[in-house]
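Chemist: Below: one structure in structure tokens.
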Amino acid sequence: AKDLKAALEQNPKSIPYAFHVDKKQPGYLAFSYLTTKRLKRDWIRITPSGFLHKGVPNVSSDKSYKRLEDFINAFKKQSVKPKPRPKPAAPAAAPAAPSSGAPKKKISAAMAAAMAGLGVDTEAVEAA
């Protein structure tokens, strides 16, 4: 983790990563990587046909790779993709009509027609 933190300090735009073997998880490689927020770890199963990956964010889960380099390239490719921008908020609802006791506001006939075309209740206003 210290090496990953040092690498991130040297290049803050990077996502440093490392592999290691854990005796408690035979048949697996630990894949650790450091984002700007925290250290994350995932496991890659070693199989006769290659490497089976499950669950690293930004990389398709349950994906098999013939070579470890293929996994690294997929991780790098997914890590540099721009994050989707949030969708703009829905337009605000039309203001509520004044209560029945409130005086009606006058608007032009053209404005009343346009408002009606948009589905706005024009009963609360009077055409001029």
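Laboratory data are not the source of any read-out in this text; all were calculated from the coordinates shown. Everything numeric here is computed off the predicted structure, so don't read it as measured data. Don't worry about glycine lacking a Cβ; one is built from the backbone with ideal geometry, like all the others, and counts go over all protein chains shown.
Chemist: What distance in nm separates the simple spin-label points at Lys77 and Tyr28, each placed 7 Å from Cα in the Cβ direction?
Modeler: That separation, rounded to one decimal, is 2.6 nm.
Chemist: How many nm is it between the label spots at Ser49 and Val21, if each spot is 7 Å from the Cα in line with the beta carbon?
Modeler: Placing both labels 7 Å beyond Cα along the Cβ direction yields 2.4 nm.
Chemist: Between Thr35 and Arg67, what's the calculated FRET efficiency when r is the beta-carbon distance and R0 is 30 Å? Round to 0.05.
Modeler: After rounding, the FRET efficiency stands at 0.75.
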